[in-house]
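Trainee: To start, I am sharing the structure in question, which I have written as structure tokens.
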Amino acid sequence: MPTRGERMRLLAGLLAAPGEESLAVLEALDGELRWLDQARRELAEMALDEWRAEHARLFINGFPCTPCLPFQSAHLDGLMPGPSTVAVNALYRQLGLEIEDMFPDYLGAMLECAAYLADASPPQEAENILWRNHLLRWLPAYAETLQAESRLALYRGLGRELAMLCRECSHG
């Protein structure tokens, strides 16, 4: 059973564009995470280009709109980057962290930060701040939209896992 930090890193990784090795990575997790079983079977029977197309439609450039832009500012500010991008970046700087090559409010980066804080010993109050002031303000609705919009079991499962993580972290 993965730790909470490991779960968050896995969920962050599932937001990445699928590559040649992506199915093999998912298959290596066989037995560890039962919720991935259906997704692995579905993806094994699908061309990588179809998987990539669904990823792009959901997260990058769907037409006429992109249903699941994985950026806090898109959901809270209605523009990218926005004031909430600056706010989350300020939190990272307070923690001594720096985000390179992506927007600071990208969900993958935010989950990586939450995982880093979850793994810290002793536990960091900053993790609660990240969830309360940032992720819990938009991620529950995002997770529901992802479940409803995805044509693939992988991303519907990702939405369910994100929703479960939000419920766990809202009680923390």
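Trainee: Does MET110 count as touching a Leu at 6+ places or on another chain (Cβ under 9 Å) and at pLDDT below 95? So that I can check it myself, show each step before the final result.
Mentor: Values: touching a Leu at 6+ places or on another chain (Cβ under 9 Å): yes; at pLDDT below 95: no.
No, not satisfied.
Trainee: Here's another thing I want to ask about it. Given the options ALA141, ALA120, ALA114, ALA109, name the one that is touching a residue at least 60 places away in the same chain (Cβ under 8 Å), small (Gly, Ala, Ser) and within 17 Å of PRO2 (Cβ to Cβ).
Mentor: So the residue among ALA141, ALA120, ALA114, ALA109 that is touching a residue at least 60 places away in the same chain (Cβ under 8 Å), small (Gly, Ala, Ser) and within 17 Å of PRO2 (Cβ to Cβ) is ALA114.
Trainee: Given the structure, is ALA16 among the small types (Gly, Ala, Ser) and not in a loop (DSSP other than H, G, I, E, B)?
Mentor: In short, no.
Trainee: Looking at (1) among the hydroxyl-bearing types (Ser, Thr, Tyr); (2) loosely packed, with under 13 Cβ neighbours inside 10 Å; (3) within 18 Å of LEU146 (Cα to Cα), which one does THR3 not meet, given that it meets all the others?
Mentor: Here THR3 clears every test but (3).
Trainee: So, in the range 61-77, of the ones that are in contact (Cβ under 8 Å) with a residue 24 or more places away in the chain and part of a helix (DSSP H, G or I), which residue ends up farthest from the chain's Cα centre (by Cα)?
Mentor: Filtering first and then ranking leaves LEU76.
Trainee: Please determine whether any residue of the range 147-159 is surrounded by 15 or more Cβ atoms within 10 Å (Cβ to Cβ), hydroxyl-bearing (Ser, Thr, Tyr) and in a helix (DSSP H, G or I).
Mentor: yes
Trainee: Turning to a different aspect of this structure: Hey, any hits in the range 25-38 for a residue that's under 19 Å from GLY159 (Cβ atoms), modelled with pLDDT of 95 or more and surrounded by 19 or more Cβ atoms within 10 Å (Cβ to Cβ)?
Mentor: Looking through the range 25-38, none of the residues is under 19 Å from GLY159 (Cβ atoms), modelled with pLDDT of 95 or more and surrounded by 19 or more Cβ atoms within 10 Å (Cβ to Cβ).
Trainee: Please verify whether the range 136-143 includes one or more residues that are surrounded by 14 or more Cβ atoms within 10 Å (Cβ to Cβ), in contact with a Phe, Trp or Tyr (Cβ under 9 Å, 6 or more places away or on another chain) and assigned to a helix (DSSP H, G or I).
Mentor: yes
Trainee: If a residue has to be surrounded by fewer than 21 Cβ atoms within 10 Å (Cβ to Cβ), of a type outside the set (D, E, K, R) and closer than 12 Å to PRO104 by Cα to count, how many in the range 72-94 make the cut?
Mentor: Here the count works out to 10.
Trainee: Return a yes/no flag: does the range 51-61 have any residue that is within 18 Å of LEU146 (Cβ to Cβ), surrounded by fewer than 14 Cβ atoms within 10 Å (Cβ to Cβ) and either among the polar types (S, T, N, Q) or touching a His at 6+ places or on another chain (Cβ under 8 Å) (or both).
Mentor: Looking through the range 51-61, at least one residue is within 18 Å of LEU146 (Cβ to Cβ), surrounded by fewer than 14 Cβ atoms within 10 Å (Cβ to Cβ) and either among the polar types (S, T, N, Q) or touching a His at 6+ places or on another chain (Cβ under 8 Å) (or both).
Trainee: Sort out which residues of the range 78-107 are assigned to a helix (DSSP H, G or I), more than 14 Å from TRP138 (Cα to Cα) and of a type in the set (Gly, Ala, Ser), and write them in order of number.
Mentor: Initially, the range 78-107 is screened for residues assigned to a helix (DSSP H, G or I), giving 83-94, 107.
Of the ones still in play, those that are also more than 14 Å from TRP138 (Cα to Cα) are 83, 86-87, 89-94.
ALA87, ALA90, listed by residue number.
Trainee: Being in contact with a helix residue (DSSP H, G or I) (Cβ under 7 Å, 6 or more places away or on another chain) and among the charged types (D, E, K, R) is the filter; apply it to the range 106-135 and report the residue that is farthest from LEU76 (Cα to Cα).
Mentor: It comes out as ASP119.
The values are calculated or read from the model by the stated rules, or taken from the named source; none is laboratory data. Since this is a predicted model, take the numbers as computed values, not measurements. A quick note on method: Cβ atoms are made from the backbone with ideal geometry, for glycine too, and the neighbour counts reach across all protein chains shown.
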